[in-house]
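> Input: one structure, supplied below.
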Amino acid sequence: HDPKIGNTDEHLRRVLQGGIGPSRILRFEPTTGKIEQAYVDKSPSHIVFDRRPPHYAYIADSNLWSTYCFGTGRMDRYDFTSGIQRLDSYETEDFYRIPSHDILHYGGKSLLCATVFANQIHCIDAQTMTLAKRIYLSEKRRVPDFSRGPYQYPDHDRTPYTLHPVDGTPYLILASLWGIWILDVGSGEVVSKISYNTRECPVSSMGHSIAF
């Protein structure tokens, strides 16, 4: 119960019905000090810039607050060259949470790869913003249930928090509460892994950091 907003459960249900309020995207021009802003729905959470021209930006709108999910998310493509211009978007009925995303350049293609609840990787064609491949990391897949209000994500989820592409190869490095995996997006198979927290009860949590 939060005294500032009254009954927390009732408040969350109202937000679920009406949607999360808009958030701001800011663009700062360091040479002039100019700041531009745009309002976006579904709580934009993470941004990645393509390392290759035309250096578009990809923003994951996770549609969550804290650990509460208010519906499916969205991936937006932006051009920040001379302002804030949203070009197009990617959405599917199972596109939830999106804790990490980045672009893998391999075999003449640019794949925008995203970790998705539960236990999925969505490989999106960065040119067309359409799904190129969906990879399931486990047969155990929860589907968010909104019948009683916003869905609360589990504390010990197996979905990777972090994704790191290895350019020029078909490999993604994934990190979760349970281990670090190397995924071959061509075959959809995990080719190597380091496991920790193997007792099915993590004693520690990790954020999004991974270095390569």
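The values are calculated or read from the model by the stated rules, or taken from the named source; none is laboratory data. None of the values given here were measured: they were computed from a predicted structure. Positions of Cβ are backbone-derived with ideal geometry, glycine not excepted, and every protein chain shown enters the neighbour counts. SASA here: full protein model, heavy atoms, side chains in, ligands and nucleic acids out. Shrake-Rupley method; radii C 1.70, N 1.55, O 1.52, S 1.80 Å.
> At R0 = 41 Å, how high is the FRET efficiency between Asp88 and Tyr136 if r is their beta carbon distance? Nearest 0.05 is fine.
Between Asp88 and Tyr136 the formula returns 0.95.
> May I ask you to list the aspartates and glutamates whose Cα is less than 12 Å away from that of Lys34, ignoring any residue fewer than eight positions away on the same chain?
Of all the aspartates and glutamates, none pass the test against Lys34 - Cα under 12 Å, at least 8 places apart if same chain.
> Return the single residue from Asn119, Asn197, Asn63 with maximal mean-square fluctuation; model: Gaussian network over the chain, springs between Cα atoms under 10 Å.
Looking only at Asn119, Asn197, Asn63, the biggest GNM fluctuation is shown by Asn197.
> For the chain, modelled as a GNM with alpha-carbon contacts under 10 angstrom, which of Ala38, Ala114, Ala175 fluctuates the most?
Judging by the Gaussian network model, the answer is Ala38.
> Here's something else I'd like to know. In Å, what Rg and Dmax follow from the Cα atoms of the chain?
18.1, 55
> Next question. Please compute the per residue accessible area over the chain with all protein chains in place, 1.4 Å probe, rounded to a whole number of Å². Let's see the in-between values first.
Working: 11780 Å² over 212 residues.
Accessible area per residue, the chain: 56 Å².
> Any idea how far apart Gln127 and Phe49 come out in nm if each label point goes 7 Å out from Cα toward Cβ?
Result: 2.3 nm between the two label points.
> Let me see the pair-distance distribution of the stretch 1-89: every alpha carbon pair, 5 Å bin width, integer percents in order.
Bins of 5 Å from zero give 3, 12, 20, 20, 15, 11, 8, 6, 3, 1 percent of pairs.
> So what is the relative contact order for the stretch 22-81, in percent, with contacts set as C-alpha pairs under 8 Å and at least six apart?
The value is 26 percent.
> Ok, one more. Can you give the FRET efficiency for His156 and Ile194, using 1/(1 + (r/R0)^6), R0 = 22 Å, r = Cβ-Cβ distance, to the nearest 0.05?
Using R0 = 22 Å, I get an efficiency of 0.75.
> Here's another thing I want to ask about it. Percent of accessible area on the chain owned by carbon and sulfur, 1.4 Å probe?
Answer for the chain: carbon and sulfur cover 49 percent of the accessible area.
> Once the other residues with Cβ under 13 Å from the Cβ of Ile135 are scored (Lys, Arg +1; Asp, Glu -1), what is the net sum?
On the way: positive: Lys133, Arg134, Arg141; negative: Asp94, Glu139, Asp184, Glu189.
Once positives and negatives cancel, what remains is -1.
> Between Tyr39 and Asp167, what length in nm is gained on full extension when 0.36 nm per residue of separation is reduced by their alpha carbon distance?
Answer, rounded to one decimal: 42.8 nm.
> Next question. On a full-extension model of 0.36 nm per residue, what is the gain between Thr32 and Gln17, subtracting their alpha-carbon distance, rounded to one decimal in nm?
1.3 nm
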